[in-house]
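Student: A single structure is presented below for examination.
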Amino acid sequence: MTIDELRVHLAHLIETYAQDSTMRSKLMSLVARDDVPVKYILEKITSSLSHVISANDEVTLKDIVFYFC
């Protein structure tokens with residue numbers, strides 16, 4: 001997974017699972033940084049998960065953790 005693919009996947013996860021619009025905006029600004037704080041973003045996203053996540057998004061999360069954490 002490249003850094004550009006990471007940004008696309010994180011943006012999707014943020015738009016899908018971050019419920020608060022203020023937090024969503026903050027996280028999206030972090031995705032644009034040169035040094036993407038992946039662990040911080042994932043912590044914020046996973047804390048707002050409603051325990052229901054699509055199978056594709058679960059695979060994406062696992063890939064992000066494997067490559068960037």
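Student: Which is polar (S, T, N, Q), at negative phi and open to solvent by less than 60 Å² (accessible area, probe 1.4 Å), of Ser21, Ser54?
Tutor: After ruling out the rest, the residue left standing is Ser54.
Student: Confirm whether Glu15 is at pLDDT below 95, part of a helix (DSSP H, G or I) and open to solvent by 80 Å² or more (accessible area, probe 1.4 Å).
Tutor: Criteria met by Glu15.
Student: Also: On the given criteria, is Leu27 open to solvent by less than 50 Å² (accessible area, probe 1.4 Å), outside any loop (DSSP other than H, G, I, E, B) and modelled with pLDDT under 95?
Tutor: So Leu27 fails the test.
Student: Exactly one condition in (1) closer than 17 Å to Phe68 by Cα; (2) under 13 Å from the mean Cα position of the chain (by Cα) is not met by Asp34; state its number.
Tutor: Going through the list (1) closer than 17 Å to Phe68 by Cα; (2) under 13 Å from the mean Cα position of the chain (by Cα), Asp34 breaks only (2).
Student: Another question about this same structure. List the number of the failed condition for Arg33; all other conditions in (1) part of a helix (DSSP H, G or I); (2) loosely packed, with under 12 Cβ neighbours inside 10 Å hold.
Tutor: (1)
Student: State all residues of segment 43-69 that are over 15 Å from Ile3 (Cβ atoms), aliphatic (A, V, I, L, M) and either touching a residue at least 24 places away in the same chain (Cβ under 8 Å) or not in a helix (DSSP H, G or I) (or both); if no residue qualifies, say none.
Tutor: Listed by number, the residues that qualify are Ile45, Leu49, Val52, Ile53, Leu61.
The values are calculated or read from the model by the stated rules, or taken from the named source; none is laboratory data. All figures in this text were calculated on a predicted structure; none of them were measured in a lab. Ideal geometry is used to build each Cβ from the backbone, glycine not excepted, and the neighbour counts take in all protein chains shown. Ligands, DNA and RNA are stripped out before the accessible areas are found, and what is left, the full protein with its side chains, is counted by its heavy atoms. Shrake-Rupley method; radii C 1.70, N 1.55, O 1.52, S 1.80 Å.
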